[in-house]
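Quick one: structure below, then a few questions.
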Amino acid sequence: MRYFILLSAIGSIFMLASCSISTFGKFQADEGIPSFIKIGETTRKEIINNLGEPLVHRFVVGKETLIYNHERGEFFFLYGTYEGSELIIRFENKVVSEVKIEKTGSGWGVFAPATSNNPGTRRSAR
């Protein structure tokens, strides 16, 4: 009976602790802007072939825009840490005209995942 209680307690701890990584496409924020992307040279087709489908695809200020997302979090029950980034690529005539990485949020504490990127915030390029 003692072992059952001990194993149940250890199992509960593992169930309440977790890590989370969420990406859309093959973008990894800690690697920076992918080296194959060159302003004025790289085409939309090359971006899709190398990074996959983006989280967001739309036209912003008349320019086609692709947004890739990378989020990382570590949680223990309700307490945790969060960090998010977006790779934003804009095109003119299907060729990259602008590329940048924006940090979309970070936080720690109770309900830390609630600090994640929200399309309605000023920090989001969406």
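Past 18 Å, Cα to Cα: identify those pairs from LYS63/LYS94; LYS38/LYS103; LYS63/LYS100, in the order given. Mind showing how you got there, number by number?
Working: LYS63/LYS94 9 Å; LYS38/LYS103 21 Å; LYS63/LYS100 15 Å.
Pairs exceeding the cut-off: LYS38/LYS103.
Where Rh denotes the Kirkwood radius from the mean inverse Cα pair distance, what is Rg over Rh for segment 35-88? Each step should come with its number before you reach the end.
Working: Rg = 15.1 Å, Rh = 13.3 Å.
Result for segment 35-88 is an Rg/Rh of 1.13.
Which of the peptides 64-70, 36-42, 95-101 is most tightly packed, and how do the rest follow, judged by the mean count of other Cβ atoms within 10 Å per residue? Mind showing how you got there, number by number?
Details: 64-70: 21.4, 36-42: 12.4, 95-101: 14.9.
Descending mean neighbour count gives 64-70, 95-101, 36-42.
FYI, it's all coordinate maths here, none of it is from the lab. Please read these numbers as outputs of a predicted model, since none were measured by experiment. Reconstructed Cβ throughout: ideal geometry from the backbone, glycine too, with neighbour counts over all protein chains shown.
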